[in-house]
1. In this structure, does Ser127 turn out to be within 30 Å of Ala26 (Cβ to Cβ) and at pLDDT 65 or above?
2. Taking the range 23-33 on its own, how many of its residues are surrounded by fewer than 17 Cβ atoms within 10 Å (Cβ to Cβ) and not basic (Lys, Arg)?
3. Going by the conditions given, is Val66 in contact (Cβ under 8 Å) with a residue 60 or more places away in the chain, β-branched (Val, Ile, Thr) and surrounded by 18 or more Cβ atoms within 10 Å (Cβ to Cβ)?
4. When you go through (1) of a type outside the set (S, T, N, Q); (2) over 30 Å from Leu134 (Cβ atoms); (3) modelled with pLDDT of 95 or more one by one for Val116, which number turns out not to apply?
Amino acid sequence: MSQELIGRLHASLQKLIGFHRQLLEAVRAEKDALVQAEMRAIRETTCTKQVLVESIKLEEAARLRVVAELAAAWGKKPAELPLSQIIIETQATSRGLDPKITENLRSSLNALTLLVKRVTEQNQENSRFVERALEHVGNMKRNVLGEASPNSQTYTQQGTRSAASAGNRLISREA
C-alpha cells in the first residue's frame, strides 16, 4: 500500500513541477509583454497565470490527500510528514520500498523548490519593473501638468519672471 501511495505522491509532484514550469514561462512572457507594453499580451499572460495558480492549488490539495493517506498507513499525523520527512521515511529499509523511489522524490522536491524560487524571483522582478514604470509615468504627469498650471514660474528672456496670467497660455489669442 505504501508503494502505491508513494507512487501517487510522486505523480502529484510531477504534475506540480509541470504546472510550475508553465508558470515560470508565463511569468517570463509577462515580462516581455510588459517591456513591449502590449496590453493584449499582458492580459493573456495574467489569465494564464491565474489558471495555472488555480491548477497548482488543486493539485496541491490532491497531494495533501495522498500525504494524509500515507500518514494514516504509517501511523503518523499528516503534519508530521512534510515531503522532506517522507523522503527520510522512504529511505528506511523496514518499509520495503524501492530505493529508487527515494531518489525520485528527492529530485522532485529539488526541482519544485528551484522552480518556486525562480517564479518568485521573476515575479518580483516584474513587480519592480511595473513600479518603476508607474513612478516614471507619475513623474511625467506631474511635469506636464506642472507646465500647464497657472502657477508656473516661467521667465522672460531678460531673466525676470513673467506675469502668471499673461504668460501661461496653451492656446494663443489669435486662434
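The values are calculated or read from the model by the stated rules, or taken from the named source; none is laboratory data. Owing to the predicted nature of the structure, the values given are computational and were not obtained by experimental measurement. So basically every Cβ, Gly included, is an ideal-geometry build from the backbone, and we count neighbours across all protein chains shown.
1. Here the answer is yes, as Ser127 does meet what is asked.
2. Total meeting the criteria: 3.
3. yes
4. In the conditions (1) of a type outside the set (S, T, N, Q); (2) over 30 Å from Leu134 (Cβ atoms); (3) modelled with pLDDT of 95 or more, Val116 misses (2) alone.
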